[in-house]
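Engineer: Quick one: structure below, then a few questions.
The values are calculated or read from the model by the stated rules, or taken from the named source; none is laboratory data. Here the structure is a predicted model, which means the values were calculated and not measured. Positions of Cβ are backbone-derived with ideal geometry, glycine not excepted, and every protein chain shown enters the neighbour counts.
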Amino acid sequence: MSDQPQPVPSETRRDRPREPMFNIPGVVLAMIALMGLIQVAMSHVFDADAQRWMIIEFAFIPARYAFDAVGGDGPWFWTPVSYSLLHGGWAHFGLNSFWLAAFGGLVARRIGVGRFVMFWVLAAIASAMLFLAMHWADSSVMVGASGVVSALMAAAARFAFSGGGFSRQHAHLSRRLSILEALTNRTVIAFLAVWFGINLLAAGGFSLGATDAAIAWEAHVGGFLFGFLTFSLFDPIRRR
């Protein structure tokens, strides 16, 4: 009998289930849908007064924190998270949703729904805190999931490239790299260089065309550092 591999019969190939082109976890789809509904309301339902109220109540505004926390109203407490669900327009929403589907899907499949939601909340807060530190008492208004998406990108960098390549179907099962291993992995280093390069351009005023508003690169960096440095706290898969 020959040891050469035999071709798979056409009937078998047809019967084999195909991997879906887009296999996005439900929690990621739910977040995209929630952000999309909010954007529909902001763009097509709310009048100017209602839009202004939404921004005041749910966007992150550093000036709000220049005063004593004692007696702070509701937005003082929830806007470090709620801002991540609002966007500056459809292009801003679309760009964040694309990267959320790509990298958020990897992380969600690995850590599960509960940890993913907790990661989102804490990543949003970390992003907002660095933005606050860089814009203390400023009246700038920050909205968008970019900081959280940056955190998810950084988290994915800790495991998605550990096998020396990238497999869309199985990347979420790859071994988690330690911080030192990640910083000496050439693929991860290239990924980090591109990401930080884009944000350095943003810091210098370069726009990617997603929105006419200024890019909150500080929030991106805050989220990225949070995801890269703390991912092991959320990862249920032990290092092998």
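Engineer: Answer with yes or no whether Ala151 is in contact with a strand residue (DSSP E or B) (Cβ under 7 Å, 6 or more places away or on another chain) and aliphatic (A, V, I, L, M).
Structural biologist: No; evaluated as a whole, the condition is false for this residue.
One line per residue, one yes/no per condition, for (1) charged (D, E, K, R); (2) surrounded by 15 or more Cβ atoms within 10 Å (Cβ to Cβ); (3) at pLDDT 90 or above:
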position	(1), (2), (3)
Arg13	yes, no, no
Ala48	no, no, yes
Ala66	no, no, no
Phe93	no, yes, yes
Gly105	no, yes, yes
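Engineer: In the stretch 21-39, is there at least one residue being modelled with pLDDT under 95, more than 26 Å from Ala108 (Cβ to Cβ) and either in contact with a Lys or Arg (Cβ under 7 Å, 6 or more places away or on another chain) or hydrophobic (A, V, I, L, M, F, W, C) (or both)?
Structural biologist: Within the stretch 21-39, not a single residue is modelled with pLDDT under 95, more than 26 Å from Ala108 (Cβ to Cβ) and either in contact with a Lys or Arg (Cβ under 7 Å, 6 or more places away or on another chain) or hydrophobic (A, V, I, L, M, F, W, C) (or both).
Engineer: Failed condition for Ser139, given (1) over 23 Å from Val40 (Cβ atoms); (2) part of a helix (DSSP H, G or I); (3) modelled with pLDDT under 95, with all others met?
Structural biologist: So Ser139 meets the others, but not (2).
The rows are residues; the columns are (1) closer than 10 Å to Leu152 by Cβ; (2) in contact (Cβ under 8 Å) with a residue 40 or more places away in the chain.
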site: Pro75; (1), (2): no, no
site: Trp78; (1), (2): no, no
site: Ser82; (1), (2): no, no
site: His92; (1), (2): no, yes
site: Gly104; (1), (2): yes, yes
site: Phe116; (1), (2): yes, yes
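Engineer: Follow-up question, since we're still on this one. Name the residues in the stretch 118-129 that are surrounded by fewer than 21 Cβ atoms within 10 Å (Cβ to Cβ) and over 17 Å from Asn96 (Cα atoms), would you?
Structural biologist: Once the filter is applied, which keeps residues that are surrounded by fewer than 21 Cβ atoms within 10 Å (Cβ to Cβ) and over 17 Å from Asn96 (Cα atoms), the stretch 118-129 yields Met118, Leu122, Ile125, Met129.
Engineer: Would you say Ala101 is within 16 Å of Ala145 (Cβ to Cβ) and among the aliphatic types (A, V, I, L, M)?
Structural biologist: yes
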